[in-house]
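Okay, structure first, notes after.
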Amino acid sequence: MSTVFRRRRREQPEQAAERDSAAPTRESGPWDADEPHPDTDRIDLGGLRLPHNPDFDIRLASVGDQHVGVVVIYEESTLQLQALAAPRSSGLWDEVKTKIMTQAKDLEEQEGPFGSELSGEIKADGSPRPARYLGIDGPRWFLLAVISGKGAHDEAVSGAFVDFIKDVVVVRGDEPMAREEPIPLRRPNEQAGETGEDGPGLNPFKRGPEISEIR
């Protein structure tokens, strides 16, 4: 089941206070929770803190009883986000790109706002659909973003999605996690360890994004 979040939720005061003494060292994110980053309105989903945009519908996607990804819907387009645990010594994007290109033959590599990305068409419900795969390697985490629909080529829509990604905060945590294990998410009103209802899952290595399962 998907859940829509629209309300503004600010980060906890103590979280903001920790960053008041240090200015961000980069112009934009995605941000690691432990680095200085702007104190703006964000939706706290546990492993991800997402910027508030009233024009976007934000929905959690789950596998079993675990929330593992987010789907953002805007202007007949979708942005899928999934944060995965990564090794301390290296990133995952080069490896993930290879897996995606093996399964989706109509994608080409190009340069984008976060470096190398994949762009082209994928099959969704048996029909071709434009898509872009963007990968960002962070400290012990990897963020996969998939833009599909007209936002894959419409600069206004894709620009709004890119700005959204640039203000995402990833909360990896200190607990041991397996390589490529999804960083768990939760509903804004859930405490850590609680679970929500079952719903559709995200698989970054599937031929196409699973937007048909999220209405």
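In terms of other Cβ atoms within 10 Å, 74, 133 run from fewest to most in the order 74, 133.
The phi-based Karplus calculation (6.51 cos²θ - 1.76 cosθ + 1.60; θ = phi - 60°) puts the 3J(HN,Hα) values of region 143-160 at 10, 9, 10, 10, 9, 9, x, 5, x, 6, 10, 7, 5, 5, 6, 5, x, 5 Hz, whole numbers, x for Gly and Pro. Restricting region 27-99 to trypsin sites (Lys or Arg not before Pro) that sit in a DSSP loop and have at most 11 other Cβ atoms within 10 Å of their own Cβ leaves 88.
Ordering of 101-111, 143-153, 163-173 by packing is 143-153, 163-173, 101-111, highest average first (other Cβ atoms within 10 Å, averaged per residue).
Among 27, 155, the ranking by other beta carbons within 10 Å of each residue's beta carbon, starting with the fewest, stands as 27, 155. Among 78, 40, 25, the order by Cβ neighbours within 10 angstrom, fewest to most, reads 25, 40, 78. In this simple spin-label model, placing a label point 7 Å from the Cα along the Cα-to-Cβ direction at both residue 103 and residue 39 gives a separation of 4.2 nm.
Once the Cβ-Cβ distance of residue 111 and residue 150 is raised to the sixth power relative to R0 = 25 Å, the FRET efficiency obtained is 0.75.
Readers should treat all values here as calculations from the given coordinates under stated rules, not as data from a laboratory. Computed from a prediction, not measured in an experiment: that's the story for all the values here. Glycine gets a Cβ as well: all are built from the backbone with ideal geometry, and neighbour counts include every protein chain shown.
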